[in-house]
1. Suppose we keep only residues that are open to solvent by 80 Å² or more (accessible area, probe 1.4 Å) and in contact (Cβ under 8 Å) with a residue 24 or more places away in the chain within segment A:41-80. Which one would you say is nearest to residue A:21 (Cα to Cα)?
2. Looking at residue B:105, is it open to solvent by less than 10 Å² (accessible area, probe 1.4 Å), in contact with a Phe, Trp or Tyr (Cβ under 9 Å, 6 or more places away or on another chain) and away from chain A (no Cβ under 14 Å)?
3. Quick check: anything in segment A:111-126 open to solvent by 70 Å² or more (accessible area, probe 1.4 Å), assigned to a helix (DSSP H, G or I), within 9 Å of chain B (Cβ to nearest Cβ) and free of Cβ contacts under 8 Å to residues at least 24 places away in the same chain?
4. Check B:23, B:63 and return the single one that is open to solvent by less than 10 Å² (accessible area, probe 1.4 Å) and more than 13 Å from chain A (Cβ to nearest Cβ).
5. Just give me the residues in segment B:457-476 being in a helix (DSSP H, G or I) and not small (Gly, Ala, Ser), in sequence order.
6. So residue A:63 ticks every box in (1) at pLDDT below 90; (2) at the interface with chain B (Cβ under 9 Å from one of its Cβ atoms) but one. Which box is left unticked?
7. Please find, within segment B:304-336, the residue that is most open to solvent (accessible area, probe 1.4 Å) out of those that are modelled with pLDDT under 90 and more than 15 Å from the chain's Cα centre (by Cα).
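The values are calculated or read from the model by the stated rules, or taken from the named source; none is laboratory data. The structure presented is a predicted model; accordingly, all values stated were derived computationally and were not measured. Note that each Cβ is placed from the backbone with ideal geometry, even for glycine, and that neighbours are counted across all protein chains shown. Accessible surface areas use protein heavy atoms only, side chains included; no ligands, DNA or RNA. Shrake-Rupley method; radii C 1.70, N 1.55, O 1.52, S 1.80 Å.
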Amino acid sequence: MIPLRSFDLGLSAIFGLLGLYMIWQGSGYGYQEGSVPSAGFFPVWIGAGLALFSALNFLKVIRQSDLLGSVERMEVVRVGLVSLALVGFVLLSQFMGMLVSSVPLMIAIGCIFGARAARSIAAVSAIAVGMAFILYLVFGVVLAIPLL
Amino acid sequence: MLESWHLLAEGLVAASQPSVLAAIMVGAIIGLFIGALPGLGPTAGVAILLPVAVSFDGTAAIAALGAVYYGAQYGGAVTAILLGIPGDASATMTVIDGHKLARNGRAGAALGLSIAASFIGGLIGLILLTAFATTIAQAAIAFGPIEMTALMIFSLSLVSVLGGRDLNKAMMSLFAGLFIGTIGLDPMVGLPRFDFGEVRLFDGIEFSIIAVGLFGLAEMYATPPSIGKPEENNRFRFRELLPDVRGTLQCWRELGSGSLIGFFIGILPGAGATAATMISYAFAKRTSKHPERFGNGAMEGVAAPEAANNSAAYGNMIPMFALGIPGSGTTAVLMGGLLMIGLQPGPMLFQTQSEFVWTIFGSFYIGNLALVAITIVLTPVLSTCAFVRPSYLFPAVIAIIAFGIFGINNSMFEVALVIGFGVLGYLMMKLDYPPVPLVLGMILGPILERGIRRTLVASDGDVSVFFQSPIALVIILITVVLLVSPWLFKSRASKEHHMDEPQAKKIG
């Protein structure tokens, strides 16, 4: 089990830094021109709000360690693996085309979500091939989208 | 008011065109399955299908997305009753008595009642939507940019206050959404902002990328692979799935109260269908002659939340159509669909695109009626669908997401962005950050920025213009009270807690 507290602290820190970056970058765009607001006006205020609430949340999580529970390690691994499979699809599509790349993507996702036995993998593979054909019909033929 | 019904009649005729009818039917059936399939709810369903639907004709696309929305509300009850797993948060209350009924061999009675409640709730919601939408839109036309800006700030605050358990996190989510809304060219001077040197971000981030990532992918990431595996006592015979007409008729009071509560709670931005189902359930229990039956398989315990759930779906649409301010995740995604087909929701939509609006409303009536028949016919199939394993379902859905997102701008870069927003959505879900304020911030942020800057340009930078309009002033004051009150209540509660502690020690 991984405690969610560390994730919350991390996300608050990232959002807080993003808020500070917005203030800095927004000031660079120009806060005001004469008496009227410029391109940086809105980002500066949003950045300030984001930084403020992130800091408040960060402090709250530090003070109250029992606010959130934990998440199973396998679940986090599953999120990482699905994301990796999708990144693989994005990269493979450039070389093999989207339709061909979608088949290993779907099989990989099926396996990540529990298809381990040979029979299940065979079923997922059949679904993947059938789905690739449906995707070709819907996106390639009906919607005439130029697929990679 | 009479004019609304006349326009609705014309809308019904327009919605009967074959292309719109086909869109309604396809959308309703897909929605029904999305609602019934474990791990996907209405918001995820509408978000996933958004990029595909907008590729079709505008009216048909929105009619189909609307049908997915209310179709999923119907279908959500199936998983809640048969599996005891709410497909969406708004089906949580249905689980309490619905699943008990199913376990007692009365699955059909619960399912039949949920169909009737969904229809009646939907119908009452639609009648009220027809009656109020134009009136509210007409009143809102009198609002100038100052009042609309104040109203937008109020709505964003309300969504943040009501939308999550932790105000800090809701506000972080809102500001993160406002940040995403600033990415791209500045709306007034055309200066690129927060593009990180990436030309593909000049036009900003496409709304459907955020919606699909936060609601679609994140939902699947968080779904355990074991969901959908049938348990021994979750198997039903066909006879058990047949509806109980007499039991349904006996719940007329709960059907009525649930529908009305659902609609009026649904109008409030941020409150949404989940709050509506909880309040209607509590109301039904409090006013019941047999409150002890609730929680043990009471038919009324299914009728009230299901009617409220569906009625709230249409109540939710009032601020979206009439004011251009979506109050929930699903209506935010629907509004994204309207923006993607080039329509700006708000009071002017009823003036400039009257035919479109009434055709869509007409399609809701047709879809709601059609769903009764479709759901009854498909109930045996839907009850099997509830047991589809994620290992078979998710590969297909994720492939649809990838192709749908690619299809918007023929860009793999956007597919890569979806992956990032999926992970962000998963983290937000796990850490209790409500995603709806983020989506609303992203949609309303650019409109709000334009409103504020234009007003300040017109007033030569004088901020006091926002306080010179009485309507805007009242709205701003309510917003301040709304934002401050949770902290005040919290500090008061904590003071009382500290005062009670010594007394408790003395007593101890």
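1. Ranking the qualifying residues of segment A:41-80, first place goes to A:52.
2. No.
3. No, that holds for no residue.
4. Going through B:23, B:63 in turn, the sole match is B:63.
5. Answer for segment B:457-476, where residues must be in a helix (DSSP H, G or I) and not small (Gly, Ala, Ser): B:457, B:465, B:466, B:467, B:468, B:470, B:471, B:473, B:474, B:475, B:476.
6. (2)
7. Step by step, filter segment B:304-336, then rank; the result is B:323.
Let's see how each residue does on (1) in a loop (DSSP other than H, G, I, E, B); (2) touching a residue at least 40 places away in the same chain (Cβ under 8 Å):
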site	(1), (2)
B:369	no, yes
B:372	no, yes
B:379	no, yes
B:382	no, yes
B:388	yes, yes
B:396	no, no
B:400	no, yes
B:404	no, yes
B:408	no, yes
